[in-house]
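Q: First, the structure itself, so that you have it in front of you.
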Amino acid sequence: MTLVDAKLNKQYFIKTLRGEFNEKRRLLDMGFSPLSCITVCAVAPFGGTILVLLRGRLITLRNDIASFIEVGFLK
Amino acid sequence: MKSIAFVGNPNVGKTSLFNRLTKSSEHVGNWHGVTNSAKEKGFEFKGKRLFLTDLPGLYSLSVYSPEEAVTRDAVLTREHDVVVNVCEGDNIFRNLYLTLQLLEANVPTILAINMIDELEKKGKRIDVEKIEKVLGIPVVCVSAKSKKSSLELITLVLECLNPVGASTCRPLFVSEYGNGRQVAAPTIFLKSLRKETLKYLSKLPLNEIISIIRDNAKKHNIDEIFAAIKVMEQDEFILEKLQLTNYQKKQIEKFDDLSEKVASARYAFIDEELRKVILDKNSAPCQGDRHADCGKGLPQSLRGTYGVIEPVTLTHAKNIGNRSGRQSAASASGDEKQSGSKSSHSLFASLKKSKLSFFDKIVLNRYLAIPIFLLLMLGVFYVTFGVVGGGLSSGLSFLITRFLYTPIKSALEGANTPVWMIGLICDGVILGVGGVLVFLPQIALLFFFLALLEDTGYMSRVAFMMDGLFSRIGLSGRSCFTLLMGFGCTASAVTTARSIDDEGVRKKTALLTPLMSCSAKLPTFLVLAAAFFANGSPLIVFGMYFLGAFFMIVIALIFEKTAKRLKSSKKSFILKEQGIHNTLKSFIMELPPYRVPTIERVFQVVFTHSKHFIVRVATVVFALNIIMWVLSNFSFSHGYITGTQYASIFETFTSLIAPIFAPLGFGEWRAVTALLSGIVAKEASLAALESLGGVQSVFAGEYSALSALSFMVFTLLYIPCLASCVSIRKEVGGKLMAFSVLFHFVLAYIVSLIVFQMGRLLINYPWIFIMIIAAIFLISAGFVFFSKRRKKPLSQKHEKKVYIKKRS
């Protein structure tokens, strides 16, 4: 299951990251490390972009990147 | 002279600190990537001259955009004596990730925890001693809002640069923040203790990699530990620098993907070693000065925890994963028997805040977001052009006429001054330049609102909500910053395009920003709208802004569909030159928390831009206007010719090109003169119109209002001013600048032509006009409908529906 399929306002944890080195490293640098907790908070009005809460911070990313993030359901 | 550099994540307040210390007024704002080039300034501190450099923010030393490369190069080449790593108190854990990288690179670092006042307001404090012990670098709490704490930072920096001696731990100052902690001269600074301090390095196959690349690193003068870590992270910049042979590459490939492991190790280290550094204000009283344990290493209580290497969070997540029957993807081999009670801490610490704030819930609501934004913009423009701004500027205009124009004119007439002199001073200077100057209140108001938009953090939310739309027209949410700043000043807005990761998007954004009506065009719109559209003048001006934004979207769409060069995000020459090998096509950005804008900063913005406007009017517009006036009122053979039938120098000249504009409704030489001076500075456009007889006489005749409207549209869209052209060239190159000049001219010409001809049709033959509009609407609707059907295969459509269902 990737972050794209995650339900709104539910807590997940990051299992692993896919993608090429570039995307992966960028995600890691921004705090998307495996086992951190993540919540999808909002979807942009025109779709395609989501807003996630990670480590107490809001980060917005597009679905193409979100699909690199494998998540597991937490609660 | 010692030089200090500020390095840190974006939006942690580096520039605010820089401004505070050097008393400068560099652009700051509550969004990520405000600073996009290194800013340098010297300042005096206790009789010593220091040189401070403010660098663009970055998340990691692996960079993705040109402005991040500036910082990386400055850090890696050791340009500066010391690097001050600025962190945000509220977000310290993520910020420390960069700190670890700086330490890996063996850069002399001092950690400054900024915005500590925000944290203290929440009743929290930071255990500074603990961070110092774990990382082995000096740490100080600061707030850019307080001068005292900023100076404390410099005191500490100086002490680190010129240590008196390791044994003398003399107290320096009592810190303003952190319960009056007494800061002493550090002794732990700049020791090459990386392997001892950064425990996580032992978990990585560091020595193996170093043994492979050691010679290359030595040859190219790169620190071997740092090089090895970057090789693990597959950073192409370092990989290329090392010039590894194929054999070496193959050897490295034997280790499977390590980038995740490196990052996880860093985060685990932060979570494990530093997770308890944020304390409640009253718990565990501060240990006071560092005299006692200065240089003596770690206390016993801390040593125990170093044994734990694997992230304790791992165990817990695994437990949860297994309980819910899912196979955990975590691959690291953690100590699974770790007790749950201890490990749950850090995972659930991050769980506490997992929902949006109430305000964000409304503002970012899927259906309300865009209407709220549009209403807000309408409100801003209404206040700026309508009641408040309009009232203020008409007051100013009255004052100028009453106390400058009339008395000076009568005084000059009384003193027998030559007629041309009176004309020059009264019409050329006072009416022309003063006519522009009266719009100071509106421009100040516009920048006031822009400052609010920036400082509250709402602008980043706009970027988020627009990204969905922008991604479809080949822009990204980041373009929003540039485009919104374009309402203020195109030239300075274009420079913010640098922080856009994607090359194609950056070029497009730079080309489209001039379409957002800048504040210098505002006076022209206001005067023309007031003169020809008495009832709906604020609406007409707002319409101009809307038209600009509308064309921005349409043109972006056209570029996306047609221009291959702009569409592709291939690495360009410029990027390669700057050593950027990592590119990210997509959009990922952090949203800042909401902050209350400080009055000081908002007024500073308004003051700076008002000053800029006045200076511009008093110099460029003033000089240009005198030249224009002289050229327009004198002829080669007859001297001063106003009131006579002879053609002036400029009239003979511009009359040649004026007929080109006849189909647009303003084939008048004075209108063309105004447009020409507008290329130098947009404000000059109105100044020229006013001094050459006023707008009423320039746009006369049957279709006066319509030709004024056409002129407004042309002003909105045509060639960007010189300053903008220069910054476009700087950001995207000379070729695209030339393209921009040509493109904006053609666009303005076509649109004005349509406006004028269609308007004439509407006045003369309303039925034909309505039929044409209906036909265009039908054709375009049909085109959109069919092109959509052709493009999307069924399966994709289906997927999308499923996705939308899931979301809702």
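The values are calculated or read from the model by the stated rules, or taken from the named source; none is laboratory data. Note that the structure is predicted; figures quoted are calculated from it, not measured. Counting neighbours? That spans all protein chains shown, and the Cβs are built from the backbone with ideal geometry, glycine included. Areas reflect the complete protein model, heavy atoms only, side chains present, ligands, DNA and RNA absent. Shrake-Rupley method; radii C 1.70, N 1.55, O 1.52, S 1.80 Å.
Q: Arranged from highest to lowest average of other beta-carbon atoms within 10 Å per residue, in what order do the peptides B:420-426, B:664-670 appear? Before the final figure, lay out the partial values.
A: Numbers: B:420-426: 18.0, B:664-670: 23.0.
Ranking the peptides B:420-426, B:664-670 by packing returns B:664-670, B:420-426.
Q: Work out the mean other chain Cβ neighbour count within 10 Å for the residues of B:464-476 and drop it here as an integer.
A: Numbers: counts 11, 8, 4, 11, 10, 6, 4, 8, 3, 0, 0, 0, 2.
Mean number of neighbouring Cβ atoms from other chains: 5.
Q: With N residues in region B:230-275, what two-decimal value do you get for its Cα radius of gyration over 2.2 N^0.38 Å?
A: Its radius of gyration relative to the 2.2 N^0.38 Å reference: 1.42.
Q: I'd like the mean, over residues of B:260-273, of how many other protein chain beta carbons sit within 10 Å of each residue's own Cβ. Write out the running numbers ahead of the final one.
A: Numbers: counts 8, 2, 2, 10, 5, 1, 3, 8, 3, 0, 1, 4, 0, 0.
Rounded to a whole number, the mean comes out at 3.
Q: Over 10 Å intervals from 0, what percent of Cα-Cα pairs in region B:598-670 sits in each interval?
A: Bins of 10 Å from zero give 18, 28, 24, 16, 11, 3, 0 percent of pairs.
Q: Tell me the accessible surface of A:Met1 in square angstrom (1.4 angstrom probe, heavy atoms of protein chains only), to the nearest ten.
A: Counting only protein heavy atoms, the figure is 90 Å².
Q: Taking the alpha-carbon centroid of each part, what is the distance from region B:596-641 to region B:3-75 in angstrom?
A: 32 Å
Q: Among B:772-778, A:8-14, B:468-474, how do they line up by average Cβ neighbours within 10 Å per residue, starting with the highest?
A: B:468-474, A:8-14, B:772-778
Q: What average number of partner chain Cβ atoms lie no more than 10 Å from the Cβ of the residues making up B:57-68?
A: Across B:57-68, the average partner-chain Cβ count within 10 Å equals 2.
Q: Further question: What's the Kirkwood radius of chain A in Å, using all Cα pairs?
A: Working: mean 1/r = 0.0836 Å⁻¹.
Over chain A, the inverse of the mean reciprocal pair distance is 12.0 Å.
Q: Which part of region B:6-32 falls in the paramagnetic zone of B:Val615, meaning amide N under 13 Å from the point 7 Å along Cα-to-beta-carbon?
A: Those under the cut-off are B:25-26.
Q: Too long at a 27 Å Cα-Cα cut-off: which of B:Lys2/B:Lys219; B:Lys250/B:Lys507; B:Lys39/B:Lys611; B:Lys133/B:Lys203? Mind showing how you got there, number by number?
A: Working: B:Lys2/B:Lys219 29 Å; B:Lys250/B:Lys507 38 Å; B:Lys39/B:Lys611 21 Å; B:Lys133/B:Lys203 21 Å.
B:Lys2/B:Lys219; B:Lys250/B:Lys507, as the Cα separations exceed 27 Å there.
Q: Turning to a different aspect of this structure: In what sequence, highest mean first, do B:615-625, B:695-705 appear when ranked by Cβ atoms within 10 angstrom? Before the final figure, lay out each step's value.
A: Numbers: B:615-625: 18.6, B:695-705: 16.1.
Peptide ranking by packing, descending: B:615-625, B:695-705.
Q: Taking 0.36 nm per residue of separation and subtracting the Cα-Cα distance, what length does fully extending B:Ser655 through B:Phe786 add?
A: 42.4 nm
Q: Cα to Cα, under 12 Å, and not fewer than 8 places away if on the same chain: which aspartates and glutamates meet these conditions relative to B:Lys561?
A: none
Q: Just to verify a number: FRET efficiency for B:Thr77 and B:Leu376, C-beta to C-beta distance, R0 = 41 Å, to 0.05?
A: On the way: r = 45 Å, r/R0 = 1.09.
The value I calculate is 0.35.
Q: Then there is this: Give me the number: length gained by fully extending B:Gln251 to B:Phe607, i.e. 0.36 nm times residue separation minus the C-alpha to C-alpha distance, one decimal in nm. Kindly include the intermediate steps, with their values, before the conclusion.
A: On the way: separation 356, 0.36 × 356 = 128.16 nm, distance 6.02 nm.
Difference between extended and current length: 122.1 nm.
Q: For B:Phe403 and B:Leu722, calculate 0.36 nm times their separation in residues minus their Cα-Cα distance, and state this gained length in nm to one decimal. Show your work: numbers first, answer last.
A: Details: separation 319, 0.36 × 319 = 114.84 nm, distance 3.38 nm.
In short, 111.5 nm is gained.
Q: Cβ under 13 Å from B:Asn633's Cβ, B:Asn633 left aside: what net charge do those residues give with Lys, Arg +1 and Asp, Glu -1?
A: Working: positive: B:Arg670; negative: B:Asp427, B:Glu651.
Local net charge: -1.
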